[in-house]
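Novice: Quick one: the structure is below, and I'll ask about it shortly.
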Amino acid sequence: MKAIVLGFFLVACAAIVQAQTSAQQPGARTGPGGATGAKIPTPGEFPPYKGPRTADGKPDLNGIWQAFVTADIDIQDHDAQAGPHPDIMGAYGAWPGGQGIVEGGEIPYKPEALAQKKANAEKRMVVNITSDDRRHDTGDPELKCYRPGIPRANYMPLPFQIIQSTDNVMVAYEFAHALRTIYMKVDKETPQDPPADSWMGWSHGHWEGDTLVVDSSGFAPWTWFDRAGDYHSDALHVVERYTLASPYHIMYEATIEDPNVFTRPWKVSFPLYRRMEKNIQLVDFDCVEYVEKMLYGPYYKNSSK
Amino acid sequence: MVNRFWVSSKVLTVVITMAAILCVPAIVSAQTRSAAPAKADKNAAANTTNKAWVLPHTPDGQPDLQGYWTSLSFTPMERPAKYGNREFLTEEEAAQIHKEGIQHSYEFTFNDLPETPVYDATVYALSAWQEGVAPNRRTSLVVDPPDGKIPALTPEAAKARDAARKHGPNQDYADPNAPVKADVAEDLNLGERCISFGGPPILPGAYNSNFKIVQGPGYVMVEYEWNNEIRIIPLDGRPALSQSIHRWHGDSRGHWEGNTLIVETSNFRPAATFQGANAKTLKMTEYFTRTDQNTIEYKFTVDDPSTWTRPWTAIVPLSHMEGPIPEYDCTENNNDAVNILAGARVAEKAAAEKAKNISQKQ
């Protein structure tokens, strides 16, 4: 039985290593009697779960979801730090520390790419907006209210909504009203190959058992993975797996491949939590109006620049 | 502020032209769908001969509105005087207007009739003809009042609109010879700022008037091609949002009555209401009814006693089109904002130089 349980985790759980070790530890916590429903949950472990189905018989991922990791700051392990302008921002602007979401901890950068990541981090708040692509040379796209790309959109600290039909899985993000379409069939309108590069990528999905597997490419080269300058090129290829792990959780993992930047594919994983507030809905976080002065200030009348 | 996309086709011309030139290079190729005139004939035929059509339903039993739709129309918003009280054209008249519309595609329906093209979209590498739009026998999109005209504004609304025209963002666009006021980004309109391209209601625009509808359990989602703006419409009867929360496209609640999806929208941002209506008093109701494989009859009623002297209603047919809807990266490559602001600085500098030269000569 344990083997079956472990097997499930190998397939469904992103926290594979943690699940194996903690499940085998004699100290794994169980409630009195160990009966179903009485077990005290162990982080990283989900009991076997078969989720609800949509009317067309597919796993039902509809809902409003949110990650609760600090990966938007840094997808790797990191300490808390003062944010920009602590003299006026104080704790409002400080960034929490947290454990990373990269499996194994390390991102396999090519040496020259690692140097670029560090340069990105140093210039994450250097914003120089021109009327051409040089506008993307420096500055974190999040700072500029640009679409976050994939996988970053999934661990921004704002919710997103999945609306699932037979042919489309729509993912609507509250951040900058970024929208992503996962096409569930390949046809003339939505061919396998991306018709053009885009910030949120060109995605096709299919079901592998109870898991939604999403294959995305056709990315613009300008999105980052976090504020720490982790980045990719237009050769980015992301394969994501969404698996319902309980009525309230999706286990998410993404395999990231980009031969221009990394020496091998690598993986991030974390749970998504269902937002359960009564009548929960997305509202607007269209941040353009909050960044205009930063972006276009040098072109304003009486600008000091 | 006044909805700039409504007030003047010249405003729209400027905005759209600049958007076409400056803003969206990455997706233009995706938008340039080749358009077979044969397609129009096929659609026209389907609309008249498709007698055996059966309304499809989603797996969870909703009437199925899903797919790609265009609201592009060659029918003017308000009825031209020459039609008097005539509500419908003859088949021949409708076919003629449709033909002219295709030939002069991208002219604007609001103030300009098909025989008065505003500009030639092919100059901007856009297809001369957007697929999908079907002939419409109505003489105007406005169907109520019966004269096909938008009712008169209340005196207060007329005064407010006049003030907005004079002092609102880009007020000078109304006069093409006046300098553009662009001291700061807030002087630009919401579309130029990539904040909102308006709606509801769904209206025909010059181009990109394209939509995708997806239905999930308990929700209908409408995606607009412009800026990929979305409306997620819950169908579960939940109460409206608190009046403390405002949204660029308002906040919508939907329900089915027979085969018609009825959507009521409130909680508008005061800066982004339809035609500058009063966000506090505006009631916007939309009706989506699929009438055949290629058509949704889309009707909206606006009721705002502080803006119009009576409620009014328009019908905009939504015609099936080929997908997909491309990503519309707007703020990510908003060259409009840079160029308009930088251009205004250049103009100021030139004006200052000129003034200096004149004073030196004197």
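Novice: Give the residues of region B:190-218 that are more than 14 Å from every other protein chain (Cβ to nearest Cβ) and of a type in the set (Ser, Thr, Tyr), sorted by residue number.
Specialist: Correct list: B:TYR207, B:SER209.
Novice: Additional query: Would you mind stating whether A:TRP266 is buried (at least 16 other Cβ atoms within 10 Å of the Cβ), more than 11 Å from every other protein chain (Cβ to nearest Cβ) and either of a type in the set (A, V, I, L, M, F, W, C) or within 20 Å of the chain's Cα centre (by Cα) (or both)?
Specialist: Yes, satisfied.
Novice: Could you pull out the residue among B:GLY343, B:GLY323 that is buried (at least 17 other Cβ atoms within 10 Å of the Cβ) and either within 14 Å of chain A (Cβ to nearest Cβ) or touching a residue at least 24 places away in the same chain (Cβ under 8 Å) (or both)?
Specialist: B:GLY323
Novice: Right, something else. Which residue, of B:VAL338, B:VAL346, B:VAL302, is of a type in the set (Val, Ile, Thr) and at pLDDT below 95?
Specialist: Within the list B:VAL338, B:VAL346, B:VAL302, the selection yields B:VAL346.
Novice: I would also like to ask the following. If a residue must be crowded, with 21+ Cβ neighbours inside 10 Å and either within 11 Å of chain B (Cβ to nearest Cβ) or touching a Phe, Trp or Tyr at 6+ places or on another chain (Cβ under 8 Å) (or both), how many such residues does region A:130-139 contain?
Specialist: 1
Novice: Do we find that B:SER244 is over 18 Å from B:THR307 (Cα atoms), surrounded by fewer than 18 Cβ atoms within 10 Å (Cβ to Cβ), more than 10 Å from chain A (Cβ to nearest Cβ) and of a type in the set (Gly, Ala, Ser) in this structure?
Specialist: Criteria met by B:SER244.
Novice: Let me ask something else about it. Can you tell me which residue is farthest from B:GLY199 (Cα to Cα) among those in region B:71-92 that are in a helix (DSSP H, G or I) and touching a residue at least 24 places away in the same chain (Cβ under 8 Å)?
Specialist: Once the filter is applied, the top-ranked residue is B:GLU91.
Novice: Another question, if that's okay. Go through A:VAL126, A:VAL102, A:VAL69 for me and flag whichever is without any contact (Cβ under 8 Å) to a residue 24 or more places away in the chain and assigned by TED's automatic domain parsing to the domain that holds A:THR166.
Specialist: A:VAL126
Novice: Let me spell it out: the conditions are (1) within 30 Å of B:LEU341 (Cα to Cα); (2) of a type outside the set (Val, Ile, Thr); (3) touching a residue at least 60 places away in the same chain (Cβ under 8 Å), and A:LYS301 meets all of them except one. Which number is the exception?
Specialist: Failing condition for A:LYS301: (3).
Novice: Does A:MET170 count as touching a strand residue (DSSP E or B) at 6+ places or on another chain (Cβ under 8 Å), within 12 Å of chain B (Cβ to nearest Cβ) and under 19 Å from A:ASP286 (Cα atoms)?
Specialist: Here the answer is yes, as A:MET170 does meet what is asked.
Novice: What pairs come out if I take residues in region A:177-196 that are in a loop (DSSP other than H, G, I, E, B) and pair them with residues that are among the β-branched types (Val, Ile, Thr) whose C-beta lies under 7 Å away, six or more apart or interchain?
Specialist: A:HIS177/B:ILE230; A:MET184/A:THR166; A:MET184/A:VAL169; A:GLN192/A:VAL186; A:ALA196/B:ILE27
Novice: Could you please find all residues in region A:188-203 being surrounded by fewer than 20 Cβ atoms within 10 Å (Cβ to Cβ) and within 21 Å of B:GLY216 (Cα to Cα)?
Specialist: A:GLU189, A:THR190
Results for (1) at pLDDT 95 or above; (2) touching an Asp or Glu at 6+ places or on another chain (Cβ under 7 Å); (3) basic (Lys, Arg), shown as yes or no for each residue.
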position: B:VAL184; (1), (2), (3): yes, no, no
position: B:LEU188; (1), (2), (3): no, no, no
position: B:LEU203; (1), (2), (3): no, no, no
position: B:GLU223; (1), (2), (3): yes, no, no
position: B:ARG247; (1), (2), (3): yes, yes, yes
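Novice: Follow-up. Give the residues of region A:129-146 that are touching a residue at least 24 places away in the same chain (Cβ under 8 Å) and outside any helix (DSSP H, G or I), sorted by residue number.
Specialist: A:ILE129, A:ASP140, A:PRO141, A:GLU142, A:LEU143, A:LYS144, A:CYS145, A:TYR146 - these are the residues of region A:129-146 that are touching a residue at least 24 places away in the same chain (Cβ under 8 Å) and outside any helix (DSSP H, G or I).
Novice: If the requirement is being part of a strand (DSSP E or B), in contact (Cβ under 8 Å) with a residue 24 or more places away in the chain and among the aliphatic types (A, V, I, L, M), which of these qualifies: A:MET251, A:MET294?
Specialist: Answer to the check: A:MET251.
Novice: Go through region B:167-182 and report how many residues are at pLDDT 60 or above, loosely packed, with under 15 Cβ neighbours inside 10 Å and in a loop (DSSP other than H, G, I, E, B).
Specialist: Of the residues in region B:167-182, 3 are at pLDDT 60 or above, loosely packed, with under 15 Cβ neighbours inside 10 Å and in a loop (DSSP other than H, G, I, E, B).
Novice: Turning to a different aspect of this structure: May I ask you to list the residues in region B:321-362 that are touching a Leu at 6+ places or on another chain (Cβ under 9 Å), among the hydrophobic types (A, V, I, L, M, F, W, C) and assigned to a helix (DSSP H, G or I)?
Specialist: If the condition is that a residue be touching a Leu at 6+ places or on another chain (Cβ under 9 Å), among the hydrophobic types (A, V, I, L, M, F, W, C) and assigned to a helix (DSSP H, G or I), then B:ALA337, B:VAL338, B:ILE340, B:LEU341 are the ones that fit.
Novice: Right, next: Does any residue of region A:283-290 turn out to be more than 8 Å from chain B (Cβ to nearest Cβ), in a helix (DSSP H, G or I) and touching a Cys at 6+ places or on another chain (Cβ under 9 Å)?
Specialist: Yes, region A:283-290 contains at least one residue that is more than 8 Å from chain B (Cβ to nearest Cβ), in a helix (DSSP H, G or I) and touching a Cys at 6+ places or on another chain (Cβ under 9 Å).
Novice: Hey, another quick one. Among the listed residues A:SER233, A:SER217, A:SER198, A:SER303, which satisfies the condition of being within 14 Å of another protein chain (Cβ to nearest Cβ), hydroxyl-bearing (Ser, Thr, Tyr) and touching an Asp or Glu at 6+ places or on another chain (Cβ under 6 Å)?
Specialist: Checking each option against the conditions leaves just A:SER198.
The values are calculated or read from the model by the stated rules, or taken from the named source; none is laboratory data. Keep in mind the model is a prediction, meaning the values are calculated, not measured. Note: ideal-geometry Cβ built from the backbone for every residue, glycine included; neighbour counts use all protein chains shown.
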